[in-house]
Each structure stands twice: as structure tokens, then as C-alpha cells.
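The values are calculated or read from the model by the stated rules, or taken from the named source; none is laboratory data. This structure is a prediction, so every number in the text was calculated from the model and none was measured. All Cβ positions, glycine included, derive from the backbone under ideal geometry; neighbour counts span all protein chains shown. With ligands, DNA and RNA removed, areas are computed over all heavy atoms of the protein, side chains included. Shrake-Rupley method; radii C 1.70, N 1.55, O 1.52, S 1.80 Å.
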Amino acid sequence: MEGIIKAMSILPKHIFVIVPSYNEGTVIGKILEELVTQEVRVVVVDDGSADETAEIALGYPVYVLKHPFNLGQGAALQTGMTFALRQPDCRYLVTFDADGQHDPQDIFRLVDALEKSNVEVALGTRFGDEARLSGIRKSRYWVLKLATWLTKLLTRLEVSDTHNGVRAFTAPAARRIHLTQNRMSHASEILAQISKLKMMYMEVPVTVRYTPYSMQKGQSIWNAIDIVWDTLVGGLK
Amino acid sequence: MHIGQFLILCFLFLLMLYILRLKNLTSIRILIVLLLGLGMLFVFMPELTTKLANMVGFGRGADLILYLLVIFNLYYFVYTLGEQNRLLKMVTLAAREIAILKAQAGEGESLAEKGQGGDDGPEGRWYHGAA
């Protein structure tokens, strides 16, 4: 019986975790240490880092893709997704930030949600009822709320946290997504495409661990302005 | 014709020659050539600008030229922005393929199989010394 259940469930190695990273040399080791103990395959996309991010990643059993120069987090995510989708056994893709703010266990919560509820995309949210926040600064909270409100306005999706780095896609859904916004606006772009392609999606509460490091790397009010600009002007062909 | 007019005329003419020598006349280049031609015409007949300006309701010929310049600049700005976007997309696609091909050429597919939980050496890790 157990064997049947196991055979029916998805082999965990079919989960590809994509970790875009840019100058994360000081923390990438720690997060990979956590990730490689999980039954997932990890794809680190080094976005042309000037530090030893890629070299550190090469010391772990993970795929390492290196952009020849810095292109932006959106481009890094798309590179990881393109690579993962070319692997024959890729069933699920999970995006995961390199700065150590996510909990690896959340990968399985998201993939579980995909398996159980027949949705194509599961989005992590830190503002759900069950979501746990630790150490968030007030200003950060309002920047995120503002970004969420703007994105909701532009994409008409009912989401509570538009700029969360943990998302899970089924492979067929990921295949239909094409990120063209290289910079931070990819978060809004993913949502815009989910909306346009009428994908089934759900939000899953996840943990976000705010550390001084992730706070410093995270989004400021200037990013929010950049994102609005990219969203409005970036579409010019 | 005084010396100022002559210099402007030479400058416009050389610019036109240069642009005409470029291959692949895109819409923007055709527009530039037309505008340069118009500029040369205006050098010969400065009073024409005033006539034209009066026709469209501007007071002076110089105003008309200024407004045309503003319109052209804005058009050029939008055009350049679009072109820059297009190039960035192409560069991104090329960089993406380089990243993927390099990873596959390194230790490629076998890496993942060898990797997690494998018993390959004391470290149990792949992708050492790929470069």
C-alpha cells in the first residue's frame, strides 16, 4: 500500500528549485547547505556576480548556471526555468531567493498545493493568516503593501503579496511563462502573465525570515518606483 | 549667402551624406534625411519658415523650427527606448544560452545523477573543477 502511494506521488527529484543569485557569496553557502538536504534538484543561476558566488555554489551538488554579465533577477529566473524545463524529468519548478529569507520546507508546502488542488501556480505569501513574519520593519511592510496594491491594480489578480520570492509552477505552466523584464519587475510580470494566460493559481502562506542581510538586499521605495516605471514603459517594443 | 548660412549648409549636407551611406534605411533615418533636406531648403529660403509658421498659426519661423525639433526629439527618444529594449532582449537570450550551454558542456547532465546522495568520493559532490 505504501509503495502504491509512493508511486502515485511525484518523485521529489522532479522538483527543480531555482535560486537566482547576484553577489550572494556571504550567504549562498548557508542556503545551499539547507537546500541540498532536501529531495530536490537545485539550479543556482549566478547573475554575473563579481564575488565568488558561483565558485561557492560549485562546491555543492547543484547545477550552476553563470550569466556572462549581470542581467537582473528576472533574467536569472528565466534562465533557471529554461534550463530546468529542458531536463526531461522536470515536473515542478520552485523559485527561491538566495538571501536566506525563505524556509526550504515551504518548497514542499507549495508543491503539495499544486498536487492537491490542481492549480498551475502556487504563490508564497507572507501576509496570509497563517504566514509568519519575523523582524519585518514597518517601512518595509508598507512598501510591500504599496507594491502589492499597484500590482493588483495593473494585473487584476487577487493576491496579498506580489513580491514574494517563493513560487511554484507546474512544468506546463512554467513553459507558458516568458519573463522579459530583466530587473525586479519580473515579480509583477509573472503575475501579469498568470493573469493574461488565465492560469489557475493559489496563495500559500510561507515563512519569511527577515535578517539584517535580507533587509539590506530587499526592496526599497526606490525599487517600487523602478518597478512601476518598468511595468509602464518596459513594454515598448 | 553669408558665411553662417554656408557653414550650416555644409554641415547638413555632410550629415545627409553620412546617413545616406548607412545601409538599412530604417524609418528614423529616412526621417532624418527628409528633415536635413528641409533644413537645407530653409537655409536657401529663410522666409519660407515664416510663411509656413504663419500658415499653421505660429508667429515666427524660428518658433516653428523649435517645435519641430521638440517633436523630433521626443520621437527619437521613444524610438531609442524601444530599440534599446529590443537589443537588451536579444542580449539576454544570447547570455541565457551561453549560461545553459556552458553548464551542460561542463559536467552536464551527469552531474545531477552523480550529485545528491551519490557515493562519488569523500565529498559526494559534482562539478568540481569544471573550468
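A cut-off of 5 Å between modelled amide H atoms, ignoring neighbours fewer than 5 places along the same chain, links A:Ser49 with A:Asn23. Computed from backbone phi, the HN-Hα couplings of the range A:163-178 come to 10, 8, x, 9, 9, 10, 10, 6, 4, x, 5, 4, 4, 8, 8, 10 Hz, rounded to whole numbers (Karplus: 6.51 cos²θ - 1.76 cosθ + 1.60, θ = phi - 60°; Gly and Pro given as x).
Charge tally around A:Phe16: other residues with Cβ under 11 Å, Lys/Arg +1 each, Asp/Glu -1 each, net +3. Projecting the Cα positions of B:Ile100, B:Met90, B:Gly39 onto the charge dipole of the range B:29-110 (unit charges on Cβ atoms of Lys, Arg, Asp and Glu, taken about the Cα centre) puts B:Gly39 furthest along the positive direction.
Tell me which chymotrypsin sites (Phe, Trp or Tyr not before Pro) from the range B:1-81 have a DSSP coil assignment and no more than 12 other beta carbons within 10 Å of their own. Please report the intermediate quantities before stating the final value.
Details: sites: B:Phe6, B:Phe11, B:Phe13, B:Tyr18, B:Phe42, B:Phe44, B:Phe58, B:Tyr67, B:Phe72, B:Tyr75, B:Tyr76, B:Phe77, B:Tyr79; in loops: B:Phe58.
Taking the range B:1-81 and a limit of 12 other Cβ atoms within 10 Å, no loop chymotrypsin sites (Phe, Trp or Tyr not before Pro) are found.
Take each residue of peptide B:73-81, count the partner chain Cβ atoms within 10 Å of its Cβ, and average: the result is 1.
Listed cross-link partners B:Lys23/B:Lys89; A:Lys66/A:Lys145; A:Lys145/A:Lys198 are compared with a 26 Å cut-off, the Cα-Cα value being larger for A:Lys66/A:Lys145.
Total Å² of accessible surface buried at the A-B contact, 1.4 Å probe, nearest 100? Don't jump to the answer; show the numbers that get you there.
Numbers: alone 11780 and 10340 Å², together 19600 Å².
Approximately 2500 Å², summed over both chains.
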